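Heads up: the structure comes next, in structure tokens.
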Amino acid sequence: MSRIDATFHLLQAQGRKALIPFITAGFPYPDVTPALMHALVTAGADILELGVPFSDPMADGPVIQRAGERALAAGIGLAQVLQMVRDFRTGDTTTPVVLMGYANPIEAWEHRHGAGSFAREAAAAGVDGVLVVDYPPEECEDFARALRAHGLDLIFLLAPTSTEARMAQVGRLASGYVYYVSLKGVTGAGHLDTAAVEAMLPRIRAHVSVPVGVGFGIRDAASAQAVGRCADAVVIGTRLIQLIEHEPRERVADTAAAFVREIRAALDALPATPAPAVA
């Protein structure tokens, strides 16, 4: 059983919802990421999404774009991200880590190091899953097989515009969890419509056997709790990035942890209702 599967099974048994914070690797300072990851776990994070900086992040709003640009300016690329995961793993061998990003850095890595090298190196570093924004399911069956061969989960995005056919495609390839983008647009945009999210999740679950996390538009304890009533996991990124963007190095971890503790408390205040069965 993968670390992601084990995490969801444990949370399901406890009747709790997963909290998945997103941070950009190397932001706001290139040397702070492993300590920040540990702080998020101590504050109540169940899974960590670690953004791989990229120069053309088409799904990201201005906040996460700025974070990526700052990390790139500091020299953070995929090699440095994998080293951050290795550093994190020296103190935490249980919390799942998911890399979230775009196809170009992965394809550039494989061009330099050979076919299949990304999955091999990511697994060796301690990565548990990969979410590639611009890899639709119909174009990445080989990539999915390579990840599975190294015990890595491939996580897909679904959106309010996703068709039943697209959900079925995702259901055939997805493992770990599925990330439902609750809003049309980029990260940090728009107003969260929790009623629309609640109506969409049964449609997704009709095709997808893995847990469903919901992100985009979740900014505080109240919105996290509202989504947590129907989702298996809550993903929160833009607001967290905003909070640490201008913090001095010595305050980054504490500021992030304080926010995550608020979200964790809100989710744990929900009635302890078992989540849908995890495959």
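The values are calculated or read from the model by the stated rules, or taken from the named source; none is laboratory data. If you're wondering where the values come from, they're calculated on a predicted model, not measured in any experiment. No Cβ is skipped: glycine too gets one built from the backbone with ideal geometry, and neighbour counts run over all protein chains shown.
Residue-by-condition table, conditions (1) surrounded by fewer than 14 Cβ atoms within 10 Å (Cβ to Cβ); (2) more than 16 Å from the chain's Cα centre (by Cα); (3) over 28 Å from Ala221 (Cβ atoms):
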{"site": "Glu121", "(1), (2), (3)": "no, yes, yes"}
{"site": "Gly129", "(1), (2), (3)": "no, no, no"}
{"site": "Val132", "(1), (2), (3)": "no, no, yes"}
{"site": "Thr163", "(1), (2), (3)": "yes, yes, yes"}
{"site": "Leu173", "(1), (2), (3)": "no, yes, yes"}
{"site": "Gly176", "(1), (2), (3)": "no, no, no"}
{"site": "Leu192", "(1), (2), (3)": "no, yes, no"}
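With Ile20, Ile4 as the choices, which residue is β-branched (Val, Ile, Thr), in contact (Cβ under 8 Å) with a residue 60 or more places away in the chain and not in a helix (DSSP H, G or I)? Don't jump to the end; show me each part of the working.
On the way: Ile4 fails: not in a helix (DSSP H, G or I).
The match here is Ile20.
Could you look through region 87-119, keep only residues that are closer than 15 Å to Met37 by Cα and of a type outside the set (Val, Ile, Thr), and pick out the one that is surrounded by the fewest Cβ atoms within 10 Å (Cβ to Cβ)?
Here is the first cut: in region 87-119, the residues closer than 15 Å to Met37 by Cα are 87-100.
Then keep just the ones that are of a type outside the set (Val, Ile, Thr); that gives 87-89, 91-92, 96, 99-100.
On the way: Asp87: 17, Phe88: 23, Arg89: 17, Gly91: 12, Asp92: 15, Pro96: 25, Leu99: 27, Met100: 25.
Only one residue tops the list, namely Gly91.
Failed condition for His38, given (1) surrounded by fewer than 20 Cβ atoms within 10 Å (Cβ to Cβ); (2) of a type outside the set (D, E, K, R); (3) within 22 Å of Phe118 (Cβ to Cβ), with all others met?
Unmet for His38, out of (1) surrounded by fewer than 20 Cβ atoms within 10 Å (Cβ to Cβ); (2) of a type outside the set (D, E, K, R); (3) within 22 Å of Phe118 (Cβ to Cβ): (3).
So how many residues does region 41-75 have that are surrounded by fewer than 22 Cβ atoms within 10 Å (Cβ to Cβ), at pLDDT 95 or above and within 16 Å of the chain's Cα centre (by Cα)?
Residues meeting the conditions: 2.
Confirm whether Thr24 is surrounded by 20 or more Cβ atoms within 10 Å (Cβ to Cβ) and at pLDDT 95 or above.
On the way: surrounded by 20 or more Cβ atoms within 10 Å (Cβ to Cβ): yes; at pLDDT 95 or above: yes.
Considered against the rule, which asks whether it is surrounded by 20 or more Cβ atoms within 10 Å (Cβ to Cβ) and at pLDDT 95 or above, Thr24 comes out as yes.
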